[in-house]
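The block underneath contains the structure these notes are about, expressed in structure tokens.
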Amino acid sequence: MNIKPINIVWLKRDLRLQDHEPLHKAEQKGIPYLIIYLFEPSIIESPDTSPRHLQFVYHSLKSLNKRLENYNRNVDVFYGEAIDIFNFLNTQYRIQQLFSYQESGLKKTWQRDKKINQFCIKNSICWEESQRDGIIRGLKNRDTWNKRWHATMHIPILKNNYSVSKLNKLEHAYIVPQKLVAKLENYPKHYQPAGEENAWRYLTSFTQKRGFNYHRHISKPTESRIACSRLSPYFAWGNISIKQVFHFVGKHPNGTANNRAFSGMLTRLHWHCHFIQKFEVECTYETLCVNKGYELLEHKKNELFIKAWKTGQTGYPLIDACMRAVEQTGWINFRMRAMVVSFLTLNLDQDWRDGVYHLACQFLDYEPGIHYPQFQMQAGTTGINTVRLYNPVKNSEEHDPQGIFIKKWVPELENVPEAYIHEPWTMSLMEQTFCGVAIGVDYPLPIVDLKTSAKLARDKIWGHKKHPAVTAEKYRILATHVNKRR
């Protein structure tokens, strides 16, 4: 047994080597330290976790280890439950301190962290959790949050330096199963590449040229794939910090000539943290309506509707193109995300919980603090936000007028003329024959009528906003999540 004192850095959603406070603190202590990452079976089995998330993490770790070789260091990867692994480590070393970032995660990760906290107390281990991206734990209201967030963003970037480790390689039985490793290694090329270097590659290309049309193309399903920063997976898994991007974009020389585009992007960094802060305060948003008054609103579950939505077979081309694109690539833009959620919950009148985990698993950039509050906002269950019904035909005509995005992801409609691409069911039988597609056979008819379903949704959601339970909750939500000074 190695009886020398040691510290541990526990990586979670912070897979980078720069602007990393826990790693910096470990270096400053001057005693040996391990860097660990845990693949936890209970987390892997959660309904919000998918292989693409694990693959992104795995390849991020490989990237880190390649760079850490210069310091005779590596991230020790374990497969097992956190409490078991920490108990094992405690038999191998005399652990003095544990460093990590706070995690604004699900109830499951919160319960795990409470177990680790008790373990640390029992074993006289000091656990220091660093604040992440301006998210404040224990916040009761938003009166000072904006000011504090901007203050955090203006703190200089932390430059991490690394000493050469003299620790021997740790042997243990918590090895990632080979069957899982094989799946993790096989990372599809149509997903964004993982790792800190790729995060900076995307950020650099955004500021050099890609982002110049950000404000013009942000809502367009095809053009946004280039014009948007595409940093969201790197934020979600911590390959780059919000503060690093805030500094880089805010000080970039191209910002002067592209002020509108760059300012718009910086504003969304603030929104990003704003929603995570909501979830940090109330993680029940994963399973309960933001406004508990909406728990009283009933939805008749329709498995055929849900399946058609998930598989991109609703008969509405832009909805189907989006659902197929995100399944294949892990990304669609914000407007398209809002639209598909609106369609499921409002037009199809399905409970938001019947789609929330599906999209969590599809999004490569899945971030709990963004996903659940945003999903519910589009589903109209907050009671404080304007309920938006995104008409898929109107959005298709405005943002994909030639049907380029639709035809890429719904190849059944490849030969449909531009005049019919947004509403292919309006073609005559002769026109369908000319296009080589039979609507209702090769491609489905619309599963609901837009106008009828929209009216029913408005009457239902808007009508319920007046319910006393919704009104009472509204004041509680505003007091918790909105700056009173506004």
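Quick notes
- Residue tally, condition among the β-branched types (V, I, T) and open to solvent by 10 Å² or more (accessible area, probe 1.4 Å), over the range 328-347: 1
Rundown of residues vs (1) without any contact (Cβ under 8 Å) to a residue 60 or more places away in the chain; (2) open to solvent by 100 Å² or more (accessible area, probe 1.4 Å); (3) outside any helix (DSSP H, G or I); (4) under 27 Å from Q131 (Cα atoms), yes/no style:
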{"residue": "N146", "(1), (2), (3), (4)": "no, no, no, yes"}
{"residue": "W149", "(1), (2), (3), (4)": "no, no, no, yes"}
{"residue": "I157", "(1), (2), (3), (4)": "no, no, yes, yes"}
{"residue": "N161", "(1), (2), (3), (4)": "no, yes, yes, yes"}
{"residue": "K166", "(1), (2), (3), (4)": "no, yes, yes, no"}
{"residue": "Y174", "(1), (2), (3), (4)": "no, no, yes, no"}
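- Residue count, the range 112-130 (criterion: surrounded by 12 or more Cβ atoms within 10 Å (Cβ to Cβ) and of a type in the set (K, R)): 2
- Total residues in the range 417-443, condition on the phi < 0 side of the Ramachandran plot and open to solvent by 30 Å² or more (accessible area, probe 1.4 Å): 16
- Hits in the range 212-233 - residues which are within 29 Å of S104 (Cα to Cα) and either in contact (Cβ under 8 Å) with a residue 40 or more places away in the chain or touching a Ser or Thr at 6+ places or on another chain (Cβ under 8 Å) (or both): Y214, I218, S219, S224, R225, C228, R230, S232, P233
- Note on the range 189-202: among residues that are under 15 Å from D365 (Cα atoms) and assigned to a loop (DSSP other than H, G, I, E, B), the one that is most open to solvent (accessible area, probe 1.4 Å) is H190.
- Of the residues K300, K307, K292, the single one that is among the basic types (K, R), open to solvent by 20 Å² or more (accessible area, probe 1.4 Å) and farther than 21 Å from I461 by Cα is K307.
- So R268, is it part of a helix (DSSP H, G or I) and under 17 Å from the mean Cα position of the chain (by Cα): yes
- Every residue from the range 405-416 that is assigned to a loop (DSSP other than H, G, I, E, B) and either surrounded by 22 or more Cβ atoms within 10 Å (Cβ to Cβ) or among the β-branched types (V, I, T) (or both): V410, V416
- Residue, modelled with the highest pLDDT, within the range 121-144, restricted to residues that are basic (K, R) and not in a loop (DSSP other than H, G, I, E, B): K122
- Residue match in the range 256-275 (condition: under 21 Å from Q362 (Cα atoms) and in contact (Cβ under 8 Å) with a residue 60 or more places away in the chain): yes
- Some residue of the range 177-186 being at pLDDT 95 or above and closer than 23 Å to E21 by Cα: no
- Taking the range 213-257 as the range and being in contact with a helix residue (DSSP H, G or I) (Cβ under 6 Å, 6 or more places away or on another chain), in a loop (DSSP other than H, G, I, E, B), open to solvent by 10 Å² or more (accessible area, probe 1.4 Å) and farther than 30 Å from L38 by Cβ as the test, the residues that pass are I218, S219, K220, T222, E223, H252.
- You will find that of Q378, Q402, the residue that is crowded, with 19+ Cβ neighbours inside 10 Å and without any contact (Cβ under 8 Å) to a residue 60 or more places away in the chain is Q378 and no other.
- Checked against (1) assigned to a helix (DSSP H, G or I); (2) out of contact with any strand residue (DSSP E or B) (no Cβ under 7 Å at 6 or more places or on another chain), L89 passes all but condition (2).
The values are calculated or read from the model by the stated rules, or taken from the named source; none is laboratory data. Keep in mind that this is a model prediction, so the values were computed, not measured. Positions of Cβ are generated from backbone atoms using ideal geometry, with glycine treated the same way; all protein chains shown enter the neighbour counts. Quick note on the areas: whole protein, heavy atoms, side chains included, nothing else; ligands and nucleic acids left out. Shrake-Rupley method; radii C 1.70, N 1.55, O 1.52, S 1.80 Å.
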